[in-house]
Amino acid sequence: MAQRKLTIYLPGSAEALHNALRMLLQYGLISEKKAHTIEVGETAKSKIKQSRWGNAADRLRTENCLKGRSKEVGKLFREFREDFEL
């Protein structure tokens with residue numbers, strides 16, 4: 001039987017990744033060593049993606065644009081986000 005290449009986009013959660021790798025192992029599609037390497041590598045570098053609001057807050061914090069008024073600005077951002085409608 002000819003081999004074919006398959007690209008799999010791994011799930012973001014550690015539990016879903018573990019289940020997907022276990023299924024691939026069960027069918028003999030990958031080796032245990034490869035599954036362990038993927039699981040350790042993916043869970044170590046997986047980071048929760050921040051929203052645009054989170055990115056904006058981080059940037060304001062790191063650049064010290066708020067000059068001690070971060071709580072006030074955070075409150076204003078939260079109010080704007082909750083009240084915003086199209």
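The values are calculated or read from the model by the stated rules, or taken from the named source; none is laboratory data. Model, not experiment: these values are computed from the prediction. Positions of Cβ are backbone-derived with ideal geometry, glycine not excepted, and every protein chain shown enters the neighbour counts. Ligands, DNA and RNA are excluded from the accessible area calculation, which covers all protein heavy atoms including side chains. Shrake-Rupley method; radii C 1.70, N 1.55, O 1.52, S 1.80 Å.
Tabulated data
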read-out: Residue match in segment 9-23 (condition: of a type in the set (D, E, K, R) and modelled with pLDDT of 85 or more); value: yes
read-out: Residue count, segment 62-86 (criterion: on the phi < 0 side of the Ramachandran plot and open to solvent by 100 Å² or more (accessible area, probe 1.4 Å)); value: 14
read-out: Subset of segment 46-68 (residues that are basic (Lys, Arg) and at pLDDT 75 or above); value: Arg52, Arg59, Arg61, Lys67
read-out: Members of segment 30-45 found to be at pLDDT below 70 and either over 20 Å from the mean Cα position of the chain (by Cα) or over 21 Å from Leu6 (Cβ atoms) (or both), listed by number; value: Thr43, Ala44, Lys45
